[in-house]
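The values are calculated or read from the model by the stated rules, or taken from the named source; none is laboratory data. From a predicted model like this one, the values you see are computed outputs, not experimental measurements. Here Cβ is always computed from backbone atoms with ideal geometry, including for glycine, and neighbour counts include all displayed protein chains. For accessibility, only protein heavy atoms count, side chains too; no ligands or nucleic acids. Shrake-Rupley method; radii C 1.70, N 1.55, O 1.52, S 1.80 Å.
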Amino acid sequence: MDTPARGRLLPFSEKEKTEEESGTLESSLLQLIDDNRRSSLHLREKTERSRKEAIRHAARTADLLVKAVNGGVEECFVNEKRIESEIRNLAVTVARFGKQTDQWLAATHAVNSAVKEIGDFENWMKTMEFDCKKITAAVRNIHDDQ
């Protein structure tokens, strides 16, 4: 509708119409502003809820990933500790077997030396027996010759 020109006097009924229209227009604008404010507030709340939910999901995903990775790391750590323990046990066993082997070598050398001495004694005895037989034979020859 046409708005009245400035300074022109309007009849009372037209004034009422214009005031009524401007009241309606003002209330419509206020209604639009209020709707926009409510819509913005609702959108802000929805965005905030979505943001919080996304953060929760991201944190949950990160926790699951950390647990998955840590599970493998923890298993490796436990296996490493077991292996280190076995290495220590094997080192103790190897040292014990080394000492036992040294003892066996010493005992074998002692037995070997004793066997050599027995062999030397046996050889000495045979030599002595042979010498005694020679001496006996010589004495008999001398005795028979006389």
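Scattering from the C-alpha atoms of region 35-146 alone, worked out with Debye: what is log10 I(q)/I(0) at q = 0.10, 0.21 1/Å? So the normalised log intensities work out to -0.75, -1.10.
With each label modelled as a point 7 angstrom along the Cα→C-beta vector, the Ala68-Glu86 pair spans 2.9 nm. Note on region 90-146: Rg/Rh from C-alpha atoms, Kirkwood Rh, equals 1.60. Note on Arg49 and Val111: the model spin-label points, each 7 Å out from Cα along the C-beta direction, lie 9.1 nm apart.
At a probe radius of 1.4 angstrom, the accessible area of region 50-90 per residue rounds to 90 square angstrom. If you take all other residues with their beta carbon under 12 Å from the beta carbon of Lys126, and give Lys and Arg +1 and Asp and Glu -1, the sum is -3.
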